[in-house]
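The values are calculated or read from the model by the stated rules, or taken from the named source; none is laboratory data. Small disclaimer: the values here were computed from a predicted structure and weren't measured. Cβ: placed from backbone, ideal geometry, glycine included. Neighbour counts: every protein chain shown. Accessible surface is based on the protein model in full, side chains and every heavy atom, while ligands, DNA and RNA are left aside. Shrake-Rupley method; radii C 1.70, N 1.55, O 1.52, S 1.80 Å.
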Amino acid sequence: MTDTHPCPQCGAATNPAFKARDFNRRIGVARFAYLRCTRCGVIFLRDVPADLARYYANDYYVIPHSVAQLAAWSVSERYKIELVRRFRGAGRLIEIGPASGGFCYLAKAAGFEVQAIEMDHRCCAFLSSKLGIVVVESADEATALEEMRPADVIVMWHVIEHLVSPWSMLEVAARKLLPGGVLVVAAPNPHAFQFGVLGERWAHVDAPRHLWLIPPGVIAERGARSGLELRMITTRDRGSLAWNRFGWEYTLMNRFSNGAVRRVGKTLGRAIAAAAYPLESQEGRGAAYTVVLQRNGP
């Protein structure tokens, strides 16, 4: 049965995909309808809540007490800066949606000139006052990026699925890259084995904060339209593999409200993740992907 809402990405017909509640944070009991494009496979939230901001509660962003604490937290993100430096070793870097700034910290330490666009006021204050990073506070990220100087690197680590208009963001990001510059996009993978098993309860659905589940090939195709060459597309980089365990742990943990039982669920999820590793580590089957696109020519 097709839906009357055409796909915002390609304009094709869509089918109902599933309905999900906010299983991750349990803010309200509303059910959110998602549609799937019959052509490109993009999954999207049919009706974005007018009060979407309320689903980003104060504890959504964890602010470190100090730069030293942020530095300790950022150890788990070192793979990100290592990946970026494979394609661009220095220059101006803009992160979209850095939260409290673990990657910003690493990029600055690696010698990049770092700027950021972030919608949360507390995160912006920390980035500016503690890290000395120029940050634009805005929930209209594409417009904010349009007004910034071109960059050598633009990164979005699990951000694009939150944006009301990811397509505008991709177009602006392509225009804002200097020759040889790279765009890095990491996001949940709608082709994931986990998604097929867990359905609407999959932690990476994260209704209604995740407005989109975008196939990685669509990111690459949209980049090509804007003159970006595909340099890497994988579900097997270190960051993507880490999201496999997260998906199992948090999906099972979120089925319960009692703290002790939640911990049991998380332990069970960890065991399932270990058992599923041989399958989920196969290219294309993992819970998340990373795409690297590069601007060539003048």
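Summary of values
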| item | result |
| --- | --- |
| Contacts under 9 angstrom Cβ, first residue in the range 209-221 being farther than 16 Å from Thr234 by Cβ and open to solvent by less than 10 Å² (accessible area, probe 1.4 Å), partner outside any helix (DSSP H, G or I) and of a type in the set (Val, Ile, Thr), 6 or more apart | Leu211/Val48; Leu211/Val164; Leu213/Val42; Leu213/Ile43; Leu213/Val205 |
| Condition met for Asn254 (free of Cβ contacts under 8 Å to residues at least 40 places away in the same chain, more than 19 Å from the chain's Cα centre (by Cα) and either under 28 Å from Gly102 (Cα atoms) or open to solvent by 40 Å² or more (accessible area, probe 1.4 Å) (or both)) | no |
| The one condition in (1) farther than 13 Å from Ile94 by Cα; (2) assigned to a loop (DSSP other than H, G, I, E, B) that Ser128 fails to fulfil | (2) |
| Test: residue in the range 24-42 that is closer than 30 Å to Arg175 by Cβ, in contact (Cβ under 8 Å) with a residue 24 or more places away in the chain, hydroxyl-bearing (Ser, Thr, Tyr) and open to solvent by 30 Å² or more (accessible area, probe 1.4 Å) | no |
| Candidates Leu230, Leu268 - the one that is open to solvent by 10 Å² or more (accessible area, probe 1.4 Å) and closer than 22 Å to Ala174 by Cβ | Leu230 |
| Residue list for the range 1-22, restricted to those being under 23 Å from Asp59 (Cβ atoms) and either free of Cβ contacts under 8 Å to residues at least 24 places away in the same chain or crowded, with 19+ Cβ neighbours inside 10 Å (or both) | Ala20, Asp22 |
| Residues that are open to solvent by 70 Å² or more (accessible area, probe 1.4 Å) and not hydrophobic (A, V, I, L, M, F, W, C), drawn from the range 271-298 | Tyr277, Pro278, Gln282, Glu283, Arg285, Asn296, Pro298 |
| Residue selected from the range 275-298 under the condition in contact (Cβ under 8 Å) with a residue 12 or more places away in the chain and assigned to a helix (DSSP H, G or I), by the criterion nearest to Arg225 (Cα to Cα) | Glu280 |
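Rundown of residues vs (1) open to solvent by less than 30 Å² (accessible area, probe 1.4 Å); (2) within 18 Å of Ala187 (Cα to Cα); (3) out of contact with any Lys or Arg (no Cβ under 7 Å at 6 or more places or on another chain); (4) not aliphatic (A, V, I, L, M), yes/no style:
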residue	(1), (2), (3), (4)
Asp47	no, no, yes, yes
Asp51	no, no, yes, yes
Arg54	no, no, yes, yes
Ser66	no, no, yes, yes
Arg78	no, yes, yes, yes
Arg88	no, no, yes, yes
Gly102	yes, yes, yes, yes
His121	no, no, yes, yes
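Condition check ((1) under 25 Å from Tyr79 (Cα atoms); (2) at pLDDT 95 or above; (3) of a type outside the set (A, V, I, L, M)) across all residues:
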position	(1), (2), (3)
Ser128	yes, yes, yes
Gly132	yes, yes, yes
Val135	yes, yes, no
Ala142	no, yes, no
Met148	no, yes, no
Asp152	yes, yes, yes
Trp157	yes, yes, yes
Ile160	yes, yes, no
Leu163	yes, yes, no
